[in-house]
Amino acid sequence: MKKIIGMLVFLLGTIVFTACSTTDSTVTPSTAVTTITPNSDGKITFASVNPIFIASCSGSSCHTGKQGPLLVSNYTVAKANGALIVSEVVSKKMPENGSLTSAEIAAIKQWQTDGFLEK
């Protein structure tokens, strides 16, 4: 049963990431720099990368819940889709209507390296 739920979460995440679009053609890449703060052990955690997700994903016009689940808005869902999130960000497929700084991309990759920790 856990395998089925895990596969459904992954499949749903894939669908949401690939279906994400907006009709607003005036969206411009964000120039805001997100502060990335490791935890007390120096690890990058969900708490470290969530401001990036809020600014570029769930806070944008795409992953708001109107087009699907809040894919990156909570730790459980983000962790379950972590590898997909990293892949889409590293390949620069996401965010679709913006861009991340190299430091933000590195932080998201490091979150994976550090084990998709919550805090």
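The values are calculated or read from the model by the stated rules, or taken from the named source; none is laboratory data. Here the structure is a predicted model, which is why all the values come from computation and not from measurement. In case anyone asks, the SASA skips ligands and DNA or RNA and just uses the protein heavy atoms, side chains included. Shrake-Rupley method; radii C 1.70, N 1.55, O 1.52, S 1.80 Å.
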*Can you tell me how much longer the chain between K119 and K93 gets when fully stretched, taken as 0.36 nm per residue apart minus their C-alpha distance, in nm with one decimal?*
6.7 nm
*Give me the percent of the accessible area of the stretch 74-119 that comes from carbon and sulfur atoms, probe 1.4 Å, all protein chains in place.*
52 percent
*Under the Karplus relation 6.51 cos²θ - 1.76 cosθ + 1.60, θ = phi - 60°, what is the ordered set of whole-Hz ³J(HN,Hα) values for the stretch 92-104, x standing for Gly and Pro?*
6, 6, 10, x, 5, 10, x, 8, 10, 6, 4, 5, 5
